[in-house]
Amino acid sequence: MAKRVEEPFKLLEFIEGVEKWRKSFEKMCSEILHCRYKKHTVTRIDGSGGDDGIDVIVITPKNKKYIYQCKFYTGRLGSAQRKKITDSFLTAYKKNKGLKKWILVVPKTLDINEFRWWNGFCEKHSDKEIQFKLWHEDALLNLLHKYKLYDHYFQFKDPFKKSRKTFEMSFRPIISEFESGKDYFQISELETMKIVSAEWKASSYLEFRNSSIAYMLDNFSSNLCFVTGLIQRAEPLVQAEFKFLIKHYFIPEYYRLCRQRNNEKDEKNIEFYINNNAETLRDKLLDDE
């Protein structure tokens, strides 16, 4: 059975990219509809040559048409996205006689403003005698489980294997430099710290959100002093605290994450130390000014 994860659509967008998953999303919706409407004709439309506002169309034995517009939007529905949705509907309405249902499919949960916009959209076009429906993330996941399609689309034993390997390769030079015990650290090893931190935050959103390592990276990278082409701590006391933090918290946390051992006690100790020493560290750290 596939590993259950939070926000699986965002996970796949993160791993595979939007463009690759957009087509897979339409295919997934089509497969759901094939399972849902056994006695109807279900057709997925290739939009490369124009799709008349249709991603998937269902035609009943009485020739009624249900059009599904699949928009792979996992972020907020801004004005650009809303315009595309509206344009797709108007095109479908204009070019498809016998349209009885128009269903918007989005793999996200609407916030209150988006929900109000959707209700307003339905009210605005209520004179067209079309039934509007919304398939949001929860509805899609329920249908995927109902028709036993979830494992097919979210079948990964370790979805972060590739990103974790990249993480380890990025951090390895930094960790080696830290483990050397030197007072000075090579800029060539540490200058990428902010880039690594940004990449780490992107993945921590999905799997490592409880780790303090991103905070520690920001703390280190924003408070290091540059002296004669090297990076060092400015005061002996600060330097000692910096080394203590690296040795007892940063490096153990790095190896814990690489091993993927979920030790809640260690995690709480790390966060406790950071939360209770952040202000002290920030006050003592000197900027290179």
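The values are calculated or read from the model by the stated rules, or taken from the named source; none is laboratory data. Just so you know, these numbers come straight off a predicted model, no measurement behind them. Methodologically, a virtual Cβ is constructed for each residue, glycine included, from the backbone with ideal geometry; neighbour enumeration extends over all protein chains shown.
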TODO: Give the range 146-165 a look and list any residue that's at pLDDT 60 or above, outside any loop (DSSP other than H, G, I, E, B) and under 21 Å from the mean Cα position of the chain (by Cα), or say none.
DONE: Tyr150, Asp151, His152, Tyr153, Lys165
Task: Pick from the range 122-141, criterion part of a loop (DSSP other than H, G, I, E, B) and more than 20 Å from the chain's Cα centre (by Cα), ranking: farthest from Ile85 (Cα to Cα) - done: Glu129
Open item on the list: Exactly one condition in (1) more than 24 Å from Leu110 (Cα to Cα); (2) of a type outside the set (A, V, I, L, M); (3) modelled with pLDDT under 85 is false for Pro61; which is it?
Closed with: (3)
TODO: Please verify whether the range 15-28 includes one or more residues that are within 25 Å of Lys97 (Cβ to Cβ), under 21 Å from the mean Cα position of the chain (by Cα), at pLDDT below 95 and buried (at least 17 other Cβ atoms within 10 Å of the Cβ).
DONE: yes
- [ ] Out of the residues in the range 85-121 that are under 30 Å from Pro61 (Cβ atoms) and β-branched (Val, Ile, Thr), state the one that is farthest from the chain's Cα centre (by Cα).
- [x] Thr91
- [ ] Consider Leu134 carefully, then state whether it is farther than 19 Å from Trp21 by Cα and in contact with a helix residue (DSSP H, G or I) (Cβ under 8 Å, 6 or more places away or on another chain).
- [x] yes
